[in-house]
1. Across 10 Å bins from the origin, how do the percents of Cα pairs in the range 1-119 run, short distances first?
2. Taking a probe of 1.4 Å, how large is the accessible area per residue of the chain, in Å²?
3. Mind jotting down a quarter of the surface of the convex hull over the alpha carbons of the chain, in square nanometres, one decimal?
4. For Ser168, list long-range residues whose amide hydrogen, built 1.01 Å from N in the peptide plane, is under 5 Å from its own amide hydrogen.
5. Can you give the FRET efficiency for Arg195 and Leu220, using 1/(1 + (r/R0)^6), R0 = 41 Å, r = Cβ-Cβ distance, to the nearest 0.05?
6. Within the range 64-83, whose backbone N sits under 17 Å from a point 7 Å along Cα→Cβ of Thr54?
7. Simple spin-label model, 7 Å along Cα-to-Cβ: Asp140 to His213 in nm?
8. If the reach is capped at under 16 angstrom between alpha carbons, list the lysines near Lys68, excluding any in the same chain fewer than eight residues apart.
Amino acid sequence: MRLSDILSKAPQKEFVQIDGFLVNKKGNMGQQVSLSVGNVMLNYFCSRCDDVRTFTSRGNICCVFANKQIVSIDCVMTCGCGTSVQVWFLVESDDDICGQTPRVRILKRSERLSDLVKINDAKYGDFSELLEKSGRANRDQLGAGAMVYLRKIFEQITLKTAKAAEISTTNVKGKRKTFKDLLKEVDNQCSIIPREFSENGYMLFSELSEIVHGEYNEELALLKYESLHRLIVGVLDNVKNNEELMNAIGSLGWNDGGESQ
């Protein structure tokens, strides 16, 4: 496996062994090296093509040593139409990164997006961007920030599903229903909560809210992130896999951003 294979995937916590790409380099702080590691390929939404396209790295890929274990990598990715996006990676090794077969992982990945290049939203529409922002906050060790985006997704998909299923968001007195009551009604009618967690759907929202409002410290928020993220993705998948519901949501506009409460 080459470095380009790792850079072409979503950042993972686990270290992966790859072919050496900095063998015999000194690894001094600030040392700059041109790399020959193959093409990096990532999917983004290209506004010019009005579709999700694979952007490929062009020209030299360069890295700068932070130390013997961490390097910063910059590359320019382009669509077939010529639209480009700048992407930056921070790559870490669990030992000397200049070894013959280093084990590495992506600590951070950041893109300079624009009106022409956006996050790939093919799977979850605008919710894909919120998921990506949540993942970035988590990778940047911002636990509460990551939870803000997860809670926003939960609120918006519940409201959007309620509208699609023609479930009123107000009570008999004309006041807005509490999120707890609305979620219960939506889940009873549309089964949006993963089956394994259906009895505790509001507990998911409460957990996210407690973290957002400072009831937990950052370290605990980061520890809980993966589990809470999987549950939110489970909600999105349940809605997306319900063809009748998706047709109704589609008529409302999956990508119109929803509302918050």
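The values are calculated or read from the model by the stated rules, or taken from the named source; none is laboratory data. These numbers were taken from a predicted model, which means no experiment stands behind them. When we count neighbours, we look across all protein chains shown, and the Cβ atoms used for this are built from the backbone with ideal geometry, even at glycine. Side chains are part of the model used for accessible areas, which takes the heavy atoms of the whole protein and leaves out ligands, DNA and RNA. Shrake-Rupley method; radii C 1.70, N 1.55, O 1.52, S 1.80 Å.
1. With 10 Å bins starting at 0, P(r) equals 14, 46, 28, 11, 1.
2. Value returned for the chain: 53 Å² of accessible area per residue.
3. If I average the Cα hull's projected area over directions, I get 16.0 nm².
4. none
5. It comes out at approximately 0.95.
6. Inside the label zone: 77-83.
7. Going from the Asp140 label point to the His213 one covers 2.5 nm.
8. Lys25, Lys26
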